[in-house]
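Everything on this sheet refers to the single structure shown next.
The values are calculated or read from the model by the stated rules, or taken from the named source; none is laboratory data. Being a predicted model, the structure only gives us computed values, none of them experimental. Every residue, glycine among them, receives a Cβ derived from its backbone with ideal geometry; neighbour counts consider all protein chains shown. To get the accessible areas, we keep the full protein, side chains included, count just its heavy atoms, and leave off ligands, DNA and RNA. Shrake-Rupley method; radii C 1.70, N 1.55, O 1.52, S 1.80 Å.
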Amino acid sequence: NIHVVAGMRVVVPFGARRLVGVVIRCGVAADGLSPAAIKPLVRTLEDEPAISEEFLRLSRWIADYYLAPQGEVLAAMLPLESAVQRKTRWTLTAAGEQALADESRTGADEKRLLQRLSKRRGGIRRESLRNSLALLERLRKKGWVRAEVSVAVSADTTGNAAPAVAVPSVAGTISNGGFTLTREQEEALARIGDQMETGRFGVLLLHGVTGSGKTEVYLRAIERSLGRGRPALMLVPEISLTPAMAGLFTARFGSRVAMLHSGLAGREREAQWRRVREGACDIVIGTRSAVFAPLTRPGLVIVDEEHDASYKQEEAPRYNGRDVAIVRGQQAHATVILGSATPAVETRYHAETGKYQLLELESRVLERPLPATEVVDMRQEFAETGRSSFLSRALLDAIARRLEREEQVLVLLNRRGYSAFVLCRKCGKAIECGNCSIALTHHRRSARLLCHYCGFALPVPRLCPQCSSEHLQFVGEGSEKVEDALHQHFPQARIGRLDRDAARGRGRAEAILAAFQQHELDILAGTQMIAKGHDIHRVTLVGVISADIGLARPDFRSAERTFQLVTQVAGRAGRGEREGEVIIQTYYPEHYAIRAAAAQDYAQFYRQELRFRELMHYPPFTALANVVVRSASAEAAAKLTGMLARHLETVRAAGLRVLGPAAAPIPRLKRSYRYHFLLKAASRNVLRKTLRSCREFAARQKFPPAALLVDIDPQSLL
């Protein structure tokens with residue numbers, strides 16, 4: 001007689017295994033179900049539900065909207081893993097016994113491994129077979145071995161395996177930081193306060209130019225929410241921004257602040273989660289997954305840099321943290337603030353059409369001017385110098401002047417590595433990933449070629465893998481090469497780099513940013529990680545190399561992403577007393593995204609982009625989904641795609657457009673061959689109905705479980 005209520009985690013028998021599940025509903029068994037078919041629970045993991053009714057309701061919405069299994073959604077909501085350990089044991093099947101008896105069917109390596117498993121009837125743990133995993137996988141596909149996953153639960157039945165957390169009272173003095181608000185900030189805060197006072201759900205877009213003081217508005221709005229006895233949740237797009245933002249908020253609110261992001265170790269993350277749940281803090285700051293922080297009835301939800309694509313999860317469940325935050329605010333009758341200097345086109349459109357309230361901060365604090373901008377046409381640069389350098393004369397001269405004045409410089413190239421790819425000058429082929437149809441990127445520091453999609457790596461070859469030629473050419477540049485070039489031009493300068501490679505390892509990103517903040521570095525080069533959220537007053541120059549690098553991406557959002565990135569990084573310049581300058585290098589200075597970013601003119605970009613979206617039937621004028629069919633076999637992928645294409649011909653509905661099938665922009669990714677359909681619908685209900693019919697068709701036709709991928713509101717079409 002185990003006491004169970006909805007939201008509890010339980011251990012359940014699943015064949016020979018024990019797995020952890022979440023109770024989503026309690027009730028009487030369905031008619032016609034034999035009592036013998038109902039298996040008893042092994043145990044509960046907590047005395048109280050780990051998932052509240054609020055989050056069960058939210059999980060149902062996410063599962064329905066994104067067509068994701070509710071179990072995947074619930075797993076994403078919970079960081080409680082330390083009390084549960086999953087163990088894998090490999091055992092021999094009957095077919096494996098037969099193969100072992102027939103020596104003609106097995107190779108030497110296979111025979112040795114099968115013999116080893118045969119001697120251990122209880123199976124062998126995965127950890128003991130780490131060096132044989134590839135061989136085991138081959139044997140599993142033949143049906144000769146099986147992997148049995150079991151769950152081991154710690155002796156602590158409450159699941160409280162995280163370090164003990166002392167509860168500080170959440171009461172305390174809040175300092176307003178001593179800042180005097182501008183007139184625009186005061187007006188925005190008054191509008192936010194009016195919305196809070198209604199006690200009803202509402203969304204406000206805080207559209208403020210870079211340096212206009214959006215963060216101070218957030219801080220004051222949180223003060224008001226806490227004053228009304230309701231906690232606050234704030235999302236930021238990057239892990240690297242979380243510590244800086246948390247430091248700022250902790251200085252204002254003390255121990256009332258908790259952090260939740262994937263950079264925390266599992267036990268640390270669990271400890272923070274429990275602090276929030278136990279009421280030890282009433283402000284949460286974190287990245288995408290922090291939208292599931294167990295705050296009780298938040299009164300304020302803030303999504304900073306709401307346009308950022310990193311709010312969209314690219315693995316199942318493929319939810320958008322921004323949109324889930326809005327729904328969470330709706331369910332809690334909270335005020336939601338979406339903040340950005342470059343709002344997503346859809347968000348600005350919702351504000352223009354009255355779905356959201358629009359708040360604008362058009363001036364920087366202390367009336368500081370926006371940085372002066374120069375666009376360098378690299379075609380003309382080459383014509384005048386005859387050199388193919390990626391550092392223009394204007395940028396080099398400007399950096400030299402800043403170094404003389406002991407000011408700081410940011411240099412952006414939004415591509416990792418040293419060279420973009422390696423090309424054979426004899427056969428003309430680039431060296432590609434073994435798992436994906438994409439060229440490998442040269443990383444000089446680690447002396448390897450790396451795939452940025454699946455992690456496949458090779459040592460830098462001496463000969464072409466295709467034709468054995470010695471004539472290999474390293475083409476293009478990445479952030480590593482920019483750093484090296486800056487060292488060559490300015491040997492006396494202190495230069496650092498911030499990208500995913502340099503930030504690998506716990507605390508590395510924060511250490512690099514801290515060194516730059518404290519002027520231990522003169523120049524910081526990097527990718528988009530340097531482009532947003534940083535407020536460093538000594539930065540007076542920003543250089544953008546290959547500003548048009550994203551325009552060639554096969555994605556309708558490529559112009560928007562380019563405009564946002566260039567505008568955001570340009571906004572890092574001139575945030576202190578000294579005026580800023582931005583130098584934008586491009587081969588396409590006439591492109592409207594480049595022109596608008598150089599002018600820091602969102603309205604100009606928005607008008608032109610909106611016309612394009614309406615003409616081509618893209619969001620915000622249609623609901624969009626990307627449907628990908630994939631298989632490890634090229635023939636199977638083509639066959640399944642053809643079957644789905646014929647099915648879609650039978651379900652055409654008014655206002656539905658189906659583009660495709662076509663090979664995906666990356667036709668082979670992580671060893672899977674891929675085709676895709678792009679579905680556009682004037683009605684979201686029509687889109688959902690069509691996608692459900694695709695799911696049902698795939699199930700009837702017995703598509704493999706991973707063959708059909710449905711991405712609602714995709715942020716990338718790759």
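Among the residues of the range 510-526, how many are in contact (Cβ under 8 Å) with a residue 40 or more places away in the chain and open to solvent by 10 Å² or more (accessible area, probe 1.4 Å)?
Residues meeting the conditions: 5.
Can you say whether residue 486 is closer than 17 Å to residue 571 by Cβ and either aliphatic (A, V, I, L, M) or in contact (Cβ under 8 Å) with a residue 24 or more places away in the chain (or both), as far as the supplied structure shows?
Judged against the criteria, residue 486 is not a match.
If only one of 612, 621 is modelled with pLDDT of 95 or more, open to solvent by 40 Å² or more (accessible area, probe 1.4 Å) and either within 26 Å of the chain's Cα centre (by Cα) or at positive phi (or both), which one is it?
Unique residue meeting the criteria: 621.
Residues in the range 340-367 that are more than 27 Å from residue 574 (Cβ to Cβ), in contact (Cβ under 8 Å) with a residue 24 or more places away in the chain and of a type in the set (Asp, Glu): how many?
Total meeting the criteria: 1.
Among the residues of the range 635-647, are any within 19 Å of residue 66 (Cα to Cα) and surrounded by 16 or more Cβ atoms within 10 Å (Cβ to Cβ)?
No, every residue in the range 635-647 fails to be within 19 Å of residue 66 (Cα to Cα) and surrounded by 16 or more Cβ atoms within 10 Å (Cβ to Cβ).
Quick one: in the range 489-509, which of the residues that are of a type outside the set (Gly, Ala, Ser), more than 16 Å from residue 445 (Cβ to Cβ) and touching a residue at least 60 places away in the same chain (Cβ under 8 Å) is surrounded by the fewest Cβ atoms within 10 Å (Cβ to Cβ)?
492
Report the residue count in the range 490-528 for those that are in contact with a Gly (Cβ under 6 Å, 6 or more places away or on another chain) and assigned to a loop (DSSP other than H, G, I, E, B).
2
Please give the number of the condition residue 81 fails out of (1) open to solvent by less than 70 Å² (accessible area, probe 1.4 Å); (2) on the phi < 0 side of the Ramachandran plot; (3) at pLDDT below 90.
Among (1) open to solvent by less than 70 Å² (accessible area, probe 1.4 Å); (2) on the phi < 0 side of the Ramachandran plot; (3) at pLDDT below 90, residue 81 violates only (1).
Would you confirm whether or not the range 402-417 contains a residue that is open to solvent by 30 Å² or more (accessible area, probe 1.4 Å) and in contact with a strand residue (DSSP E or B) (Cβ under 7 Å, 6 or more places away or on another chain)?
The answer is yes, given that some residue of the range 402-417 is open to solvent by 30 Å² or more (accessible area, probe 1.4 Å) and in contact with a strand residue (DSSP E or B) (Cβ under 7 Å, 6 or more places away or on another chain).
Yes or no, residue by residue, for (1) in contact with a Leu (Cβ under 9 Å, 6 or more places away or on another chain); (2) modelled with pLDDT of 95 or more:
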residue	(1), (2)
434	yes, no
445	no, no
476	no, no
491	no, yes
505	no, no
520	no, yes
523	yes, yes
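Give the number of residues within the range 346-362 that are more than 18 Å from residue 564 (Cα to Cα), of a type in the set (Ser, Thr, Tyr) and touching a helix residue (DSSP H, G or I) at 6+ places or on another chain (Cβ under 9 Å).
1
Confirm whether residue 483 is within 17 Å of residue 413 (Cα to Cα) and not in a loop (DSSP other than H, G, I, E, B).
It is true that residue 483 is within 17 Å of residue 413 (Cα to Cα) and not in a loop (DSSP other than H, G, I, E, B).
If residue 118 satisfies every condition in (1) under 21 Å from residue 17 (Cα atoms); (2) at pLDDT below 80; (3) open to solvent by less than 60 Å² (accessible area, probe 1.4 Å); (4) not in a strand (DSSP E or B) but one, which is the exception?
(2)
Can you tell me which residue in the range 479-488 is farthest from residue 437 (Cα to Cα), limited to those that are out of contact with any Asp or Glu (no Cβ under 6 Å at 6 or more places or on another chain) and either of a type in the set (D, E, K, R) or open to solvent by less than 20 Å² (accessible area, probe 1.4 Å) (or both)?
If we take residues in the range 479-488 being out of contact with any Asp or Glu (no Cβ under 6 Å at 6 or more places or on another chain) and either of a type in the set (D, E, K, R) or open to solvent by less than 20 Å² (accessible area, probe 1.4 Å) (or both), then 486 is farthest from residue 437 (Cα to Cα).
Which condition from (1) within 30 Å of residue 433 (Cα to Cα); (2) open to solvent by 30 Å² or more (accessible area, probe 1.4 Å); (3) part of a helix (DSSP H, G or I) is the one that residue 603 breaks?
(1) is the only condition that residue 603 fails.
Counting only residues that are among the charged types (D, E, K, R) and within 18 Å of residue 454 (Cβ to Cβ), which one in the range 657-709 is surrounded by the most Cβ atoms within 10 Å (Cβ to Cβ)?
674
Tally time: how many residues in the range 200-222 are open to solvent by less than 10 Å² (accessible area, probe 1.4 Å) and within 16 Å of residue 257 (Cβ to Cβ)?
4
Quick one: in the range 539-554, which of the residues that are open to solvent by 20 Å² or more (accessible area, probe 1.4 Å) and touching a Lys or Arg at 6+ places or on another chain (Cβ under 8 Å) is modelled with the lowest pLDDT?
Ranking the candidates gives 553 first.
Yes or no, residue by residue, for (1) over 21 Å from residue 606 (Cβ atoms); (2) out of contact with any Gly (no Cβ under 7 Å at 6 or more places or on another chain); (3) among the polar types (S, T, N, Q):
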residue	(1), (2), (3)
299	yes, yes, no
304	no, no, no
316	yes, yes, no
324	yes, yes, no
335	yes, no, yes
340	no, yes, yes
344	no, yes, no
366	yes, yes, no
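For the range 177-190, give me the residue count where each residue is open to solvent by 100 Å² or more (accessible area, probe 1.4 Å) and in a helix (DSSP H, G or I).
So the count comes out to 2.
Checking residue 533 against (1) part of a helix (DSSP H, G or I); (2) small (Gly, Ala, Ser); (3) in contact (Cβ under 8 Å) with a residue 24 or more places away in the chain; (4) open to solvent by 30 Å² or more (accessible area, probe 1.4 Å), which test does it fail?
The single condition residue 533 does not satisfy is (1).
Please work out if residue 585 is of a type in the set (S, T, N, Q), under 15 Å from residue 211 (Cα atoms) and touching a strand residue (DSSP E or B) at 6+ places or on another chain (Cβ under 9 Å).
no
Here's a check for you: in the range 22-41, which residue that is over 26 Å from residue 712 (Cα atoms) and open to solvent by less than 50 Å² (accessible area, probe 1.4 Å) is modelled with the lowest pLDDT?
29
For the structure I just gave you, tell me whether residue 337 is free of Cβ contacts under 8 Å to residues at least 60 places away in the same chain, of a type in the set (Val, Ile, Thr), closer than 24 Å to residue 246 by Cβ and in contact with a helix residue (DSSP H, G or I) (Cβ under 8 Å, 6 or more places away or on another chain).
Against the criterion (free of Cβ contacts under 8 Å to residues at least 60 places away in the same chain, of a type in the set (Val, Ile, Thr), closer than 24 Å to residue 246 by Cβ and in contact with a helix residue (DSSP H, G or I) (Cβ under 8 Å, 6 or more places away or on another chain)), residue 337 does not qualify.
Can you tell me which condition residue 197 does not meet? The list is (1) open to solvent by less than 20 Å² (accessible area, probe 1.4 Å); (2) of a type outside the set (Lys, Arg); (3) assigned to a helix (DSSP H, G or I); (4) modelled with pLDDT of 90 or more, and all the others hold.
(1)
Which strands (runs of 3 or more DSSP E) sit wholly inside the range 429-478 and have at least 1 residues that are in contact (Cβ under 8 Å) with a residue 40 or more places away in the chain, surrounded by 14 or more Cβ atoms within 10 Å (Cβ to Cβ) and in contact with a His (Cβ under 6 Å, 6 or more places away or on another chain)?
472-475
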